[in-house]
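> My structure is below; once you've seen it, I'll send some questions.
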Amino acid sequence: MKKCVCLLVCFLLACVVFVGCKKGDVEQPKAEVVKITLNYANFPPASTFPCVQMERWKTEVEKRTGGKVEVKTFPGGSLLDAKDMYDGVVAGQADIGCLCMAYQPGRFVVTNALSLPLGIKDAKSGSKALWEIFKKYSPQEFSEVKVLTMFTTAPSNIMSQKPIKTLEDMKGVSLRASGGAGEILQAWGANMVGMPMIATPEALQKGTVQGLFSSLEVMKDFKYADLCKYVTMTDTSVYPFAVVMNKSKWDALPDDVKKVFDDLAEEQMAWTGDYMDNHVVEAIAFSKESKVEFIELTTEQKAQWNMLLEPIVAKWIADNSAKVEAAKVVSDVKTLISGQ
Ligand code: DTR
């Protein structure tokens, strides 16, 4: 009997120890990590600079949020094209979108001051000045979205199928531009043709246009070096871009993710400016290997060509003064780029 009681006590003790151990081993349910997936729309082909910066942002966000956020990228207008970008993001067709503000000069008035011929030397200083202007004026037109970053292209130059060495050479030549830059070509006497960048390779092949006006990295990215054997170095206006996010998607993000995005905003602006400037250098080397001739204007010519652009700035100020502090914006941009 004594033996039986002893055995029973031992058995019960063993059970307690076993259950105790087992309890420690049982995995407590972990707080579930909810993955956030964001769709990012872009309008030009994947190899071009707006998409290269998009991929860099995606990589950084996914890394810095430890995989909590996944960014799905849609280049080439596969989700939204250039003209629908802003409204599409507001409507939630994409969570994030990259837009070229210069394509809608009347809509993004303050930030489009950056696209005026003010002598911005490169994408780095253009992007920095754009970001400062955006922060200072917080333009009303961005109230419906969260702005994730902004940047500009490098200055625009003329790529053409025949040499343009003088203003006389430009008369009647059909050159493609978009947005406000069209006025620059008109002031120089060219026949400005407005069309999207993606339509331009075909237009050049068909002879609808004999050249274009843009930053020079496109000589490599769109293979214009094969179609345009001359570049006239005018180093004129830059194109401002913005990356915007749907407001309610932004509001729903957890604070730690919001912080990652906010911390990246200025860094992404500087990264893109640098990338663009370096890529232009590469595109020039690439073009020279493809036997493209670069035409430099004399100092007198530069002064004359620039003088023809002064009315554009004056007109922009006159046209927009009722809506925004146009003269102040222009003088702020000039101050910001003065030390470039
Ligand atoms: N220059 C503007 C903007 C621009 C410059 N490089 C690219 C590449 C892809 C799309 C747009 C742009 C333009 O001519 O449209």
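> Quick one: which residue in Leu148, Leu114 is in a strand (DSSP E or B) and in contact (Cβ under 8 Å) with a residue 40 or more places away in the chain?
Just one listed residue meets the conditions, Leu148.
> Out of everything in segment 167-182 that is buried (at least 20 other Cβ atoms within 10 Å of the Cβ) and part of a helix (DSSP H, G or I), what residue ends up being nearest to the ligand (Cβ to nearest atom)?
My answer is Ala181.
> Now for a separate question. Here are Ile120, Ile164: which of them is more than 14 Å from the ligand (Cβ to nearest atom) and open to solvent by less than 10 Å² (accessible area, probe 1.4 Å)?
Just a single option satisfies the conditions, and that option is Ile164.
> What are the residue pairs meeting all of these: first residue in segment 304-319, first residue closer than 15 Å to Leu114 by Cβ, second residue in a helix (DSSP H, G or I) and open to solvent by 80 Å² or more (accessible area, probe 1.4 Å), Cβ atoms under 8 Å, and 6 or more apart or on different chains?
Ile312/Glu183
> Additional query: Does Ala265 satisfy the condition of being at pLDDT 95 or above, in contact with a strand residue (DSSP E or B) (Cβ under 9 Å, 6 or more places away or on another chain) and either outside any strand (DSSP E or B) or open to solvent by 40 Å² or more (accessible area, probe 1.4 Å) (or both)?
Answer is yes for this residue.
> What's the number of the only condition in (1) open to solvent by less than 100 Å² (accessible area, probe 1.4 Å); (2) aliphatic (A, V, I, L, M); (3) modelled with pLDDT of 55 or more that Val5 fails to meet?
Result: Val5 passes all but (3).
> OK, next. One residue is enough: does segment 82-93 have a residue meeting the conditions surrounded by fewer than 16 Cβ atoms within 10 Å (Cβ to Cβ) and within 16 Å of the ligand (Cβ to nearest atom)?
Among the residues of segment 82-93, at least one is surrounded by fewer than 16 Cβ atoms within 10 Å (Cβ to Cβ) and within 16 Å of the ligand (Cβ to nearest atom), which makes the answer yes.
> Identify, by number, the condition in (1) farther than 23 Å from Gln340 by Cα; (2) part of a helix (DSSP H, G or I) that Leu79 doesn't meet.
Leu79 satisfies all of (1) farther than 23 Å from Gln340 by Cα; (2) part of a helix (DSSP H, G or I) except (2).
> Being at negative phi, within 15 Å of the ligand (Cβ to nearest atom) and open to solvent by 10 Å² or more (accessible area, probe 1.4 Å) narrows it down to one residue among Met197, Met219, Met233; which is it?
Met197
> Across segment 236-262, what is the total count of residues that are over 25 Å from Lys83 (Cβ atoms) and either surrounded by 21 or more Cβ atoms within 10 Å (Cβ to Cβ) or acidic (Asp, Glu) (or both)?
5
> Being part of a helix (DSSP H, G or I) and either surrounded by fewer than 16 Cβ atoms within 10 Å (Cβ to Cβ) or within 13 Å of the ligand (Cβ to nearest atom) (or both) is the filter here, so list the residues in segment 94-111 that pass it.
Met101, Ala102, Tyr103
The values are calculated or read from the model by the stated rules, or taken from the named source; none is laboratory data. From a predicted model like this one, the values you see are computed outputs, not experimental measurements. So basically every Cβ, Gly included, is an ideal-geometry build from the backbone, and we count neighbours across all protein chains shown. Heads up: the accessible areas ignore ligands, DNA and RNA and are worked out on the full protein's heavy atoms, side chains in. Shrake-Rupley method; radii C 1.70, N 1.55, O 1.52, S 1.80 Å.
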